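Each reported figure results from applying straightforward, stated rules to the coordinates on display, with no laboratory input. Note that the structure is predicted; figures quoted are calculated from it, not measured. As a convention, Cβ positions derive from the backbone with ideal geometry for all residues, glycine included, and neighbour counts pool all protein chains shown.
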Amino acid sequence: MVQDSSQLLSDTVVAVFRANGCLLEWGDAFAEPLGVTSARWQILGALAQAGGPLTAPQMGARMGVSRQGAQKQLNLLVADGLMEKRPNPAHARSPLYYLTSEGGALFSRIDQAWKEHTRTVAQAFSPEELAVTLKVLETLAARHGRPRGGDDHEA
């Protein structure tokens, strides 16, 4: 029996929820030997990939988490000396966060291990399958994400 598109989309969303939970649990175990959780790895990655400082709302938006969720992890990363907080000339109440040298080195170690892992897992898929999956997930995110602008994305 051929399923209709709406049922396939519903099944896909349920699979995304399940995969998200599995990836977070797996990520905690993967990053734990380096002393971080999936949530902290996610925030370190947002800043490392940005190539420059970001605010808590900007990091949350990049990683699909709330400003408050990003802020909680930022506070822990600052306390651990992996990030530092500096005044933001564009917005007094929204400081900029920078990776410290320790934070950058930690992210590099995690990222290297992650890339080794992806080389193994990627063998289960063709490049075409991965490209279609990425397009579908990006479209789902674009259609269901919060509108851009406002307090969550201040400078």
Note to self: Given the options L106, A56, L140, identify the residue whose Cα lies farthest towards the positive end of the charge dipole of the chain (+1 on Cβ of Lys, Arg; -1 on Cβ of Asp, Glu).
What the structure shows: A56
Next item on the list: Mind giving me the nanometre distance, one decimal, between the label points for R93 and Q3, set 7 Å out from Cα along Cα→Cβ?
Entry: 4.5
Next item on the list: Using a Förster distance of 22 angstrom, determine the FRET efficiency expected from the C-beta separation of E129 and A48, and round it to 0.05.
Entry: 0.20
Check: In nanometres, what is the gap between the two model label sites at N20 and S101, each 7 Å from Cα along Cα-to-Cβ?
Finding: 3.9
Checklist line | FRET E, pair L140, W114, Förster distance 25 Å, beta-carbon r, rounded to 0.05 | finding: 0.60
Check: Helix 127-144: angle to the longest alpha-carbon principal axis of the chain, degrees 0 to 90, nearest 10?
Finding: 70
Next item on the list: Would you look at the GNM of the chain, springs on alpha carbons closer than 10 Å, and say which of F30, F107, F125 moves the most?
Entry: F125
